[in-house]
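Notes for the one structure printed next.
The values are calculated or read from the model by the stated rules, or taken from the named source; none is laboratory data. What you see is a predicted model, and the numbers here were worked out from it, not measured in a lab. Neighbour counts are summed over all protein chains in view; Cβ atoms, including those assigned to glycine, are modelled from backbone coordinates with ideal geometry. SASA here: full protein model, heavy atoms, side chains in, ligands and nucleic acids out. Shrake-Rupley method; radii C 1.70, N 1.55, O 1.52, S 1.80 Å.
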Amino acid sequence: MAIVVEAKARGVDVTCETCPHYLVLTEEDVVRIGAAAKCSPPIRNADEREALWSALACSDLDFIASDHSPAPWSMKESPDFFRIWGGIAGCQTTLGLLLEEVYAQRNVSLSKLSTWIARAPTDRFRLLRKGRLEIGADADLGLIDLSTTSVLGAEDLRYRHRISPFLGRTLRGHVRRTMVRGRTVFADGRMLATGGGRFVRPLGRVAR
């Protein structure tokens with residue numbers, strides 16, 4: 001973080017991101033959970049976790065990215081912890097974790113959260129029709145019931161390898177509907193469309 005902050009002060013065009021597991025877990029959790037929580041760089045202590053939250057608050061950290069580094073159990077089992085695959089599959093749990101931790105527990109606004117996970121990344125990569133609610137944008141929307149919580153079980157995971165350090169953890173929000181470019185692709189627990197993706201080119205540089 002210190003290197004990034006110093007580079008930004010010199011005008012270097014650089015950004016820095018973090019992932020949900022670094023914001024919600026500590027090294028004590030790694031000891032308790034075991035191989036499912038091993039990742040690289042490793043999860044740190046509670047003071048380092050809080051330092052990341054402070055860096056987000058003052059924009060030294062630019063955004064929060066989901067992680068997806070899956071592995072079968074055969075790569076997560078070894079008597080030598082250093083030989084175990086270091087990676088976390090986290091794309092499915094990112095939103096629920098952050099809604100619980102950021103919105104419910106830390107009382108951070110939904111506007112700030114949406115900036116960290118949607119607006120800031122799309123600004124950085126100049127995808128100017130994405131990550132925003134405004135005329136001319138692509139109408140990529142998620143309608144979420146924020147009053148709903150659930151406890152994550154292995155049976156809830158849609159990964160091929162149902163491994164997660166967040167099993168047993170409370171997630172907030174129930175996705176009622178998902179829209180891509182104004183078209184409903186998911187509603188009431190069912191996928192309503194397949195395919196339809198297309199390559200999106202950057203549109204121009206965003207002023208920083």
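How big is the chain on each of its three principal axes, counting only the C-alpha atoms and giving the largest first in Å?
Sorted from largest, the Cα extents of the chain read 55, 49, 33 Å.
Across the chain, where is the longest run that never hits GluC sites (Glu not before Pro) in a DSSP loop with at most 14 other C-beta atoms within 10 Å?
1-76
Order 163, 135, 3, most accessible first, counting only protein heavy atoms with a 1.4 angstrom probe.
Order by accessible area, largest first: 135, 3, 163.
Using a Gaussian network model of the chain with C-alpha springs under 10 Å, which one of 198, 126, 181 is most mobile by mean-square fluctuation?
198
For the chain, what does -39500 (n - 2.57) per DSSP helix run (n ≥ 4), summed and divided by total residues, give at 222 nm, in deg cm²/dmol to the nearest 500?
About -6000 deg cm²/dmol.
Per-residue HN-Hα couplings for segment 21-29, Karplus 6.51 cos²θ - 1.76 cosθ + 1.60 at θ = phi - 60°, whole Hz, x for Gly and Pro?
Rounded to whole hertz, the list is 5, 6, 8, 10, 10, 10, 4, 5, 5.
Could you order 4, 200 so the one with the most accessible surface comes first? Probe is 1.4 Å.
Per-residue accessible area, sorted high to low, gives 200, 4.
Only sites in a loop by DSSP and with at most 10 other Cβ atoms within 10 Å count here; which trypsin sites (Lys or Arg not before Pro) in segment 1-50 make the cut?
Those satisfying the criteria are 10.
Order 174, 21, 68 by their accessible area, 1.4 angstrom probe, all chains in place, largest first.
The residues order as 68, 174, 21, largest area first.
Rg (Å, one decimal) plus Dmax (Å, integer) for the alpha carbons of segment 79-167?
My reading of the Cα-based Rg and Dmax gives 16.4, 56 Å.
Using only the Cα atoms of segment 18-122, what do you get for the radius of gyration and for Dmax, in Å?
Here Rg and the maximum Cα pair distance are 14.4, 45 Å.
Any idea what log10 I(q)/I(0) is at q = 0.23, 0.30 Å⁻¹ for segment 147-203, Debye with uniform C-alpha scatterers and no solvent?
Taking Cα atoms of segment 147-203 as identical point scatterers yields -1.01, -1.15.
Of 142, 168, 196, which is the most mobile in a GNM of the chain whose springs link Cα atoms less than 10 angstrom apart?
Highest fluctuation of the listed residues: 196.
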